[in-house]
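Structure, as structure tokens:
The values are calculated or read from the model by the stated rules, or taken from the named source; none is laboratory data. The structure displayed is predicted, hence computed values, not measured ones. Every residue, glycine among them, receives a Cβ derived from its backbone with ideal geometry; neighbour counts consider all protein chains shown.
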Amino acid sequence: MSLRLLILFFLSAVFCFGQTDKRHRKSTVDISEFYGSILLHNPDISHLITAHPMGVILSYNKKTYGLKEWEQAYNYPDVGGSFIYQEMNNGTLGRNFGLYAHYNFYFFKRNLQFRLAQGLAYNTHPYDKNHNFRNNAYGSHILSSTYLMLNYHRENIIDGLGFKTGISLVHYSNANVKAPNTSTNTIAFNLGLVYDLDGGKAAYYVPPTELEKISEPVRLNLVFRSGVNESDVVNSGQFPFYILSAYADKRLSRKSAVQLGGDVFFSNFLKELILYQSISFPEESVDPDTDYKRVGLFAGYELFINKMSLLGQFGYYVYYPYDFEGRTYLRIGMKYYFNKKIFGAITLKSHGAKAEAVEFGIGVRL
């Protein structure tokens, strides 16, 4: 089925549903077709950039109306889910199918929409040493995926139907869970339609009120993170890693906090990599007994959105016996607060644009 036939089928279903369901749904659906280019973020993927990828984004968006304080604080955003079909137009890279959770944030009288989405994607043609050895971008079928959209967005122009157009950035990576993992980033132009499932009835937002100010003392956070990853040596094996983190945070406002702390890394893939290099590359004089552990100090920022938060941290290794990708590291991701003290976290640790691991964590904020 072509992309255009898929779009027509989806729109037909949307209009039928919108006209038979008379309930006030406070939600919209949208569909966008996109066409773009793969960015050359790493020269190792230059052989894979042979054509322009294209695809379609289908989304369901549930509106917020200020019934909760965080909705007013963020100018009544949407929460929703989306699906992406992307044809890479390259037989080596194949196709990607992704499922995402997203937020839509609005600016300039709700005419500018920014979407932040995170999910998982399935790739049809990952690396295979016998049949697809040229695909050094995707080492596995399952990929972590993030996409961003910045759109001029107009709803309810005619009977609930509107349109949107703008640019998108779609990222695919397996975060070195399995090598190879050079990843791809697609920058694209998108154009689509948006339909109000309530038929374009007027929305009644709760008028903004003065939000309660949050003032807290410095809090101590303890986090345990783990997962599996592999070095860049293909078929060197997947190994578990363990990270112990402790940091202090200080709330600056309802939305934000700053952090300062440290990590201790127990990365077993490094133990295997050290042994491999000591045997395979004697000219590099790597001692097979070199300690694989690392200790880092970091500063960070946390943005609170309802029970979820987004975080970014910049770290520097103060204990660094083995040279792996440089002494600085980055961590970005999200946290979910089960209550005021206990939270879960999913984060990506990288060295610049090169991912090392996706980390799953559990923590306590004292």
*If you check every pair at least six apart or on different chains, which have Cβ atoms under 8 Å apart with a residue in the stretch 185-207 that is in contact (Cβ under 8 Å) with a residue 40 or more places away in the chain and polar (S, T, N, Q) first and a residue that is surrounded by 20 or more Cβ atoms within 10 Å (Cβ to Cβ) and not in a strand (DSSP E or B) second?*
186/53
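Of these, 157, 84, which one is under 20 Å from residue 188 (Cβ atoms) and either at pLDDT 95 or above or not in a loop (DSSP other than H, G, I, E, B) (or both)?
Only one candidate passes the filter, namely 84.
Looking only at the stretch 213-252, which residues are aromatic (Phe, Trp, Tyr) and at pLDDT 95 or above?
Within the stretch 213-252, the first condition is being aromatic (Phe, Trp, Tyr), and the residues that meet it are 224, 239, 241-242, 247.
Selection gives 224, 241, 242, 247.
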*Of all the residues that make up the stretch 46-56, how many are under 12 Å from residue 90 (Cα atoms) and within 23 Å of the chain's Cα centre (by Cα)?*
5
*asked:* Let me spell it out: the conditions are (1) surrounded by fewer than 18 Cβ atoms within 10 Å (Cβ to Cβ); (2) farther than 22 Å from residue 102 by Cα, and residue 178 meets all of them except one. Which number is the exception?
replied: (1)
*Have a look at 167, 187 and point out the one that is farther than 30 Å from residue 203 by Cα and modelled with pLDDT of 95 or more.*
187
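Is it the case that some residue within the stretch 239-248 is without any contact (Cβ under 8 Å) to a residue 60 or more places away in the chain and either assigned to a loop (DSSP other than H, G, I, E, B) or among the β-branched types (Val, Ile, Thr) (or both)?
First pass over the stretch 239-248, keeping only residues without any contact (Cβ under 8 Å) to a residue 60 or more places away in the chain: 239-240, 242, 244, 246-248.
From what's left, either assigned to a loop (DSSP other than H, G, I, E, B) or among the β-branched types (Val, Ile, Thr) (or both): none.
No, the stretch 239-248 has no match at all.
Table: residues versus (1) small (Gly, Ala, Ser); (2) loosely packed, with under 13 Cβ neighbours inside 10 Å.
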residue	(1), (2)
108	no, yes
116	no, no
121	yes, no
137	yes, no
140	yes, no
144	yes, no
167	no, no
186	no, no
*Across the stretch 304-338, what is the number of residues that are surrounded by 14 or more Cβ atoms within 10 Å (Cβ to Cβ), part of a strand (DSSP E or B) and of a type outside the set (Phe, Trp, Tyr)?*
14
*Report the residue count in the stretch 254-285 for those that are closer than 22 Å to residue 229 by Cα, of a type outside the set (Gly, Ala, Ser) and without any contact (Cβ under 8 Å) to a residue 24 or more places away in the chain.*
3
*Go through (1) in a strand (DSSP E or B); (2) closer than 20 Å to residue 237 by Cα; (3) free of Cβ contacts under 8 Å to residues at least 24 places away in the same chain and name the single condition residue 130 misses.*
(1)
_For the stretch 273-303: of the residues being farther than 21 Å from residue 244 by Cβ and charged (D, E, K, R), which is surrounded by the fewest Cβ atoms within 10 Å (Cβ to Cβ)?_
283
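Within the stretch 279-300, can you find the residues that are outside any loop (DSSP other than H, G, I, E, B) and either closer than 30 Å to residue 313 by Cβ or not assigned by TED's automatic domain parsing to the domain that holds residue 242 (or both)? Before the answer, list the steps.
To start, the set of residues in the stretch 279-300 that are outside any loop (DSSP other than H, G, I, E, B) comprises 279-280, 282-284, 294-300.
Within the stretch 279-300, 294, 295, 296, 297, 298, 299, 300 qualify.
Residue-by-condition table, conditions (1) farther than 17 Å from residue 108 by Cα; (2) in a strand (DSSP E or B); (3) outside the structural domain of residue 132 (by TED's automatic domain parsing):
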| site | (1), (2), (3) |
| --- | --- |
| 149 | no, yes, no |
| 153 | no, yes, no |
| 166 | no, yes, no |
| 179 | yes, no, no |
| 189 | yes, yes, no |
| 202 | yes, no, yes |
| 209 | yes, no, yes |
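Looking at the stretch 339-357, is at least one residue outside the structural domain of residue 42 (by TED's automatic domain parsing), under 28 Å from residue 270 (Cα atoms), acidic (Asp, Glu) and crowded, with 16+ Cβ neighbours inside 10 Å?
Step one: of the stretch 339-357, the residues outside the structural domain of residue 42 (by TED's automatic domain parsing) are 339-357.
Those still in the list that are under 28 Å from residue 270 (Cα atoms) too: 344-357.
Remaining after also requiring acidic (Asp, Glu): 356.
The next check asks that each one be crowded, with 16+ Cβ neighbours inside 10 Å; those that pass are 356.
Yes, the stretch 339-357 contains a residue that is outside the structural domain of residue 42 (by TED's automatic domain parsing), under 28 Å from residue 270 (Cα atoms), acidic (Asp, Glu) and crowded, with 16+ Cβ neighbours inside 10 Å.
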*asked:* Of all residues being within 16 Å of residue 217 (Cα to Cα) and not small (Gly, Ala, Ser) in the stretch 253-287, which is modelled with the lowest pLDDT? Just the residue, please.
replied: 254
*Any idea which of (1) modelled with pLDDT under 90; (2) within 27 Å of residue 139 (Cβ to Cβ) is the one residue 333 doesn't satisfy?*
(1)
